[in-house]
Amino acid sequence: MEHLEQRKKVMIMIAIMSAMLFAALNQTIVGTALPRIISEIGGIDYYSWVFTIFMLTSSVTAILVGKLSDMYGRKPFILLGIGVFMVGSFLNGLSSSIFQLIIFRGIQGFGAGMIMSTAFTAVGDLFSPRERGKWQGLMSSVFGLASVFGPTLGGWIVDNADWHWVFWVFLPVGFIAFGMIYKMFPSQTPNKGLKVDYLGSIMLTLTIIPLLLAFTWGGNEYEWVSLPIIGLLSATIISFVLFIITETKASNPVLPLHLFKNKVFTLSNIIGFILGAGMFGAIMYMPFFIQGVMGTSATKSGLVMMPMTLSMVIASTVGGQMITKTGKYKFLALIGLLVMSIGMILLSFMDSNTTNSTALVNIIIVGTGLGLSFPVFTLTVQNAVQHKFLGVSTAATQLFRQIGGTIGVAIMGTVMNTSMSSRMTEKMAEVKDLPLHMTPETSEVFKQLQDPQNIMNSEKLKELQSTLPPEYQGVYSSILDGVRESLSFALTNVFFIGAIILLLGLVLTFFMNEIPLRMSNKDIADEEKDSSLKEASNH
C-alpha cells in the first residue's frame, strides 16, 4: 500500500488514529467512573474483573489477529474490531449487574485487541521503515492523550450526567472511523494457500491466559504459594511446552518460532517487556505516593500526573520525527531508557517532605524517557522481519509489553506489600501512649487507619479522626505519620526496583544491531534483486 498517494495515506492514518483514540479513551475513561457504577449496580467483590477480563481478551486477540491479518489483510480485522468494540461499548452502557458489565467488557477487549494489532501493523503497510518513525510516534501519543482526557471526562460524566454515557459518549467517533476506513483503506488479496494454525492458536491462548491471571492475582487475591497460583503457573508451563511442540510441526504457525532466531526481534521484545514493566510501575504506583505519602488530593494528584503524560506525548512525537529525518534509532532508544532510569532513581529518593513541584519534575523526566523509547522497539521489529510477517511480529511486541506490564506490576506490588509490612511493624512498636484497653470501635478505627487505601482518602481520614475521643487524637497523628512513612519507604523501594529493571533494558539495547531503515516495504532480498535488474538494464 506504500504506492498510494501521500494525501490518501494521511487520511487513512487519521482514520486509524481515530479508531485507536476511540478504543483508548474507552479504556481510560472507565477507571474514574467505575466506583460510581459499582455503587449503583453492586458487585464490589468482582471489581477487579472489569479490568482483568479486558486485559485477557485484548491480549489474546491481538496476537492471534496479528497472524490472521498477514494472511487475509488488515482491513477486515480493523473494521471487525471497531464494530465489536462499538457493540461492547453500547452493551456496557446497558449493564444492570456486575456480571453483565464484565461480559460486555470482555467483548470490548476482543474489539480492542483487533484494533491495536491491526492499527500499528497498518503503519507498516502504508509507509517504509524510514518513514514509519514519525507515525509510530504520533500513534503512541494517542494513548497519552487518552490517559489525559479520559479520566477527567469520566469523572465529569459521573458527576454531572448518567454513568451510562461513559460508554456511549465516544460512539460517534467509532462510526466516523469505521466509515473512513471502509471507504479509504485498500483491500488486500487473501493468501488462500495457507492453513490457519488452530491448534497452535489454542495452545498459545492456554499459555497466555493462566500466565496473566497468575501475575494479576498473585499477592492480591491469593498468596504466591497458594494452590490456585501454583496451578495457573503449572498450566502455563505445560501449555507453553505443548505450544512449542505444535509450532515446530505446523505448516503455517500462528507465531513462527524462527523469528526468535532474529537477534533484533528477540532483543527488541525483551526490552519491550522490560519497558512495559517500568512504564506500568511508574503509572500505577506514582498516584499512591502523591496521595498517600504527600497527602495531595485526588484531583490535584491527577494534575501532577498529567505533565508526565504530556511530556511522553511530546517526546514520542519529536523522537519519531528525528528517526524519520536521520534514519537512526538506537541512540534515541538509549537516551530514552537512560532518561527514564534517571527519573525512576529520582523517584526513589522522594519522601513525605517532597514537594509537588519536585514530584512534578521527576515524573516529567520519566515521561520524557518513556516517550523517546516507547515507539522505537516496534519500529526495530518491523524493520528486521520480512514484510509477510509484519502483522504477527507487531502483535508480538504488544503482547510482550502487556505481559511485561502485568508481571512488573505484580513484582512491584509484592515488593511494596512486603516492605510496608516490615516497616509498619517497626513503626507501630515506636508509637507511644497507645492505650492497652480500647473499645472495639476504637480498635477498628486504628486498624482502618493502618490500611494504605484509607490514607489516600482525605475524607475517610477526617471521618476516622472524628470518631475518636480527644485523648486518642495524639495517637491518631502518630499512627498516621507512621503509616505514611511506611508507605513512602515501600514505594521508594518499588521505584528503585523499577530503575534497576530499566537499566537492564538499557544494557541490552547496547547489544542490539542497528539495521539501516529500509526506504521501501520490499524485503532486502527483493530490493537487491530490483537493484541488480536496474543495473543490468542500464548496461
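The values are calculated or read from the model by the stated rules, or taken from the named source; none is laboratory data. All figures in this text were calculated on a predicted structure; none of them were measured in a lab. Don't worry about glycine lacking a Cβ; one is built from the backbone with ideal geometry, like all the others, and counts go over all protein chains shown. Ligands, DNA and RNA are stripped out before the accessible areas are found, and what is left, the full protein with its side chains, is counted by its heavy atoms. Shrake-Rupley method; radii C 1.70, N 1.55, O 1.52, S 1.80 Å.
In table form, for the structure just shown:
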read-out: Candidates Leu503, Leu508, Leu491, filtered to the one that is at pLDDT 85 or above and in contact with a Ser or Thr (Cβ under 6 Å, 6 or more places away or on another chain); value: Leu503
read-out: The stretch 101-123, subset in contact with a Lys or Arg (Cβ under 7 Å, 6 or more places away or on another chain) and closer than 10 Å to Ile78 by Cα, residue modelled with the highest pLDDT; value: Thr118
read-out: Scope the stretch 124-145; condition at pLDDT below 80 and farther than 17 Å from Ile323 by Cα; matching residues; value: Phe143, Gly144, Leu145
read-out: Residue in the stretch 214-221 that is closer than 21 Å to Met412 by Cβ, under 23 Å from the mean Cα position of the chain (by Cα) and either among the charged types (D, E, K, R) or surrounded by fewer than 17 Cβ atoms within 10 Å (Cβ to Cβ) (or both) present; value: yes
read-out: Cβ pairs under 9 Å, 6+ apart, first in the stretch 24-48 and free of Cβ contacts under 8 Å to residues at least 60 places away in the same chain, second assigned to a helix (DSSP H, G or I) and of a type outside the set (A, V, I, L, M, F, W, C); value: Leu34/Gly154; Tyr47/Pro35
read-out: Filter pass, Thr397 being open to solvent by 30 Å² or more (accessible area, probe 1.4 Å) and in a helix (DSSP H, G or I); value: no
read-out: Selection within the stretch 56-74 - open to solvent by 30 Å² or more (accessible area, probe 1.4 Å) and either at pLDDT below 85 or among the charged types (D, E, K, R) (or both); value: Asp70
read-out: Residue identified as surrounded by 13 or more Cβ atoms within 10 Å (Cβ to Cβ) and over 19 Å from Ala62 (Cβ atoms) among Val173, Val196, Val241; value: Val173
read-out: Conditions (1) under 25 Å from Glu131 (Cα atoms); (2) in a helix (DSSP H, G or I): number failed by Ala359; value: (1)
